[in-house]
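The values are calculated or read from the model by the stated rules, or taken from the named source; none is laboratory data. Note that the structure is predicted; figures quoted are calculated from it, not measured. Cβ placement follows ideal geometry from the backbone for every residue including glycine, while neighbour counts extend to all protein chains displayed.
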Amino acid sequence: MISGLRQFLERELEPLEYIQAIIPGEINHTRSSLSRLQIRFKYTTLTGAKLLVYNSGAVQEVFVITGEPRKLEERFGLKGH
């Protein structure tokens, strides 16, 4: 799991009543030089949504099981978090 992701998930996503499950996915390298975590909504899935989480030199997929993916899109849409 990329640095800072666990704390973000515990603080920001787990408390949301419309989230049933959070599944961290694949980690890839990126040229990003971000010094802090950045979360972006990627797209809806059959069971919820896919988020991308960026941090210094890495990007990780996070799949969220929810019946209300639009709420995640509103929160982490194009501008990210």
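Odds and ends about this structure:
- I2 meets the conditions (1) of a type outside the set (G, A, S); (2) touching a residue at least 24 places away in the same chain (Cβ under 8 Å); (3) part of a loop (DSSP other than H, G, I, E, B); (4) surrounded by fewer than 17 Cβ atoms within 10 Å (Cβ to Cβ) in every case but one. The failed one is (4).
- Segment 1-25: number of residues that are farther than 18 Å from R75 by Cβ and either out of contact with any strand residue (DSSP E or B) (no Cβ under 6 Å at 6 or more places or on another chain) or at pLDDT below 95 (or both): 4
- The residue that is nearest to Q7 (Cα to Cα), among those in segment 27-69 that are crowded, with 18+ Cβ neighbours inside 10 Å and of a type in the set (G, A, S), is A49.
- Count of segment 32-81 residues, restricted to those that are of a type in the set (K, R) and more than 17 Å from Q20 (Cβ to Cβ), is 4.
- Within segment 8-19, being in a helix (DSSP H, G or I) and loosely packed, with under 11 Cβ neighbours inside 10 Å holds for one residue alone: R11.
- Selection within segment 20-76 - basic (K, R) and either touching a Cys at 6+ places or on another chain (Cβ under 8 Å) or outside any loop (DSSP other than H, G, I, E, B) (or both): R40, K42, K50, R70, K71, R75
- Scanning segment 40-81 for residues that are small (G, A, S) and without any contact (Cβ under 8 Å) to a residue 40 or more places away in the chain yields a total of 4.
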